[in-house]
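Notes follow once the structure below has been shown.
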Amino acid sequence: MNDETRKQIALQRYKLISPVLAESGRNRNAWFREIAAKEHQFPHYGTKTVAVSTLKSWMKAYREEGFDGLLPKRRADGGRPRRLGDKELAAIRGKCKANPRWSVQKLHEDLLEHHQLGEKPICYNTLLRIVRREDLLPQAHRTDQRKRFEMPAVNEMWTCDFMHGPRVELQKGRSAKSILCAIIDDHSRVIVGHAFSNKETVSALTVVLKEAFEKHGLPRRLYVDNGSAFSSDLLTMACARTGISLTHSRPYDSPSRGKIERFFRTVRERFLVNLGQDVTLDEINEAFSLWLKEDYHEKPHKGIDATPMARYRESVSRTDIRRVTPAELDEAFLAAHERIVNNDATISFKGRIYEVPSAYIRQRVEIRHPVDAPDELCLYDNGARIARLKLVDAGENARVFRPDPARSAVRFARDEAF
């Protein structure tokens, strides 16, 4: 298992525990039981279930060691045969098919009685995981109820989503559909981050998130849907590096993000209807900022019986806002890639050739760059920034004198002899 695979496995583990990093014990245990009842796709391992005790151990490791604590350890029994063969698995499947009303406990007792669990019989919990993974016995499905909720203070939870808007003018006479990325604070209903762009990408999301973090601090939870931008490794890694609990709603469950969806309805009814024709992207962003400041944030909100800005100011005065430095924020949102350095101390990235220190020749290196500036590449070694990479200048390299170390040593020895 290489380092990239281990990192992807750690990211998947973080995704499972992230929604409850800031939750109390009862809510956390309920979430773990829900996660343990489902199958999950893991790099290298494939589809598998995860026990509640395993999820708790991942939570403890993340709190003690950060993201590195989620990296999988090397197996101590690598290469050894498993305790269940094809014959034993066939017996388990056959018993379940013939007796669909059995409990797993009854199945385990019957298999032990008939010596069908191998020379060293597996325990009940192992059999339970096999039965659940392959769905061999019918299980009762949970029916969740939707209840109204509200966070007790600002920055407890932010909800972020995209909304498709009207067409706007771009450069050179072109036009495109505008897309609003907005973040709403659950407690105050204040829009802590926003921007219209012509893309629904992780790059557009990053710009809005960074500005929101710089201005309002870090939230404890970030609640998003399952779109490609929100499911990207970049967002997951950024939340892991800043200690934010990243939570995804269920697929096609927009009512669970009701506050941001209701805000988008307000945008359409009170902002877009008054927008003129043939506006540019800069003009719609300027008008939207003014509308938020003078209209939405200063008008009474029925859901909170106050204006969003008044409630925000009241809560922020008694809340400890967690912040990071601009440098730490930039570091958290860097996109990472791996390359193998060529023999001429160069790497290729997006069709361009960059110089790398010669000490890294034939080594696999990590490079990072801002998501909206892929040409600003930096070399990292074990998580530490080493150097900013520059494009190869073949002409300049031709003018640099690089003596052969072996010939120089011979010439120096000959001169000393005389």
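Of the residues making up region 331-340, one or more are closer than 20 Å to MET237 by Cβ and either touching a Ser or Thr at 6+ places or on another chain (Cβ under 6 Å) or among the aromatic types (Phe, Trp, Tyr) (or both). Consider region 347-396 and keep the residues that are farther than 23 Å from ASP68 by Cβ and of a type in the set (Asp, Glu). The one that is nearest to the chain's Cα centre (by Cα) is ASP372.
Return a yes/no flag: does region 297-314 have any residue that is among the basic types (Lys, Arg), touching a residue at least 24 places away in the same chain (Cβ under 8 Å), within 23 Å of PHE213 (Cβ to Cβ) and not assigned by TED's automatic domain parsing to the domain that holds PRO370. Looking through region 297-314, at least one residue is among the basic types (Lys, Arg), touching a residue at least 24 places away in the same chain (Cβ under 8 Å), within 23 Å of PHE213 (Cβ to Cβ) and not assigned by TED's automatic domain parsing to the domain that holds PRO370. I want to confirm something. Restricting to region 25-62 and keeping residues that are in a helix (DSSP H, G or I), in contact (Cβ under 8 Å) with a residue 24 or more places away in the chain and of a type in the set (Lys, Arg), which single residue is surrounded by the fewest Cβ atoms within 10 Å (Cβ to Cβ)? Per the stated criteria, the residue is LYS56. The one condition from (1) in a helix (DSSP H, G or I); (2) more than 30 Å from ASP233 (Cβ to Cβ); (3) among the aliphatic types (A, V, I, L, M) that LEU84 does not meet is (1).
Region 279-335 holds helices (runs of 4 or more DSSP H) entirely within its bounds, and those carrying 3 or more residues that are modelled with pLDDT of 90 or more map to 281-294, 308-316. Considering every residue within region 95-118, establish whether at least one is surrounded by 14 or more Cβ atoms within 10 Å (Cβ to Cβ), over 30 Å from ILE179 (Cα atoms), among the small types (Gly, Ala, Ser) and modelled with pLDDT of 85 or more. The answer is no; no qualifying residue exists.
In this structure, SER256 does satisfy being assigned to a helix (DSSP H, G or I) and more than 22 Å from ALA306 (Cα to Cα).
The values are calculated or read from the model by the stated rules, or taken from the named source; none is laboratory data. Just so we're clear, the structure is a prediction, and the values are computed from it rather than from any experiment. Note: ideal-geometry Cβ built from the backbone for every residue, glycine included; neighbour counts use all protein chains shown.
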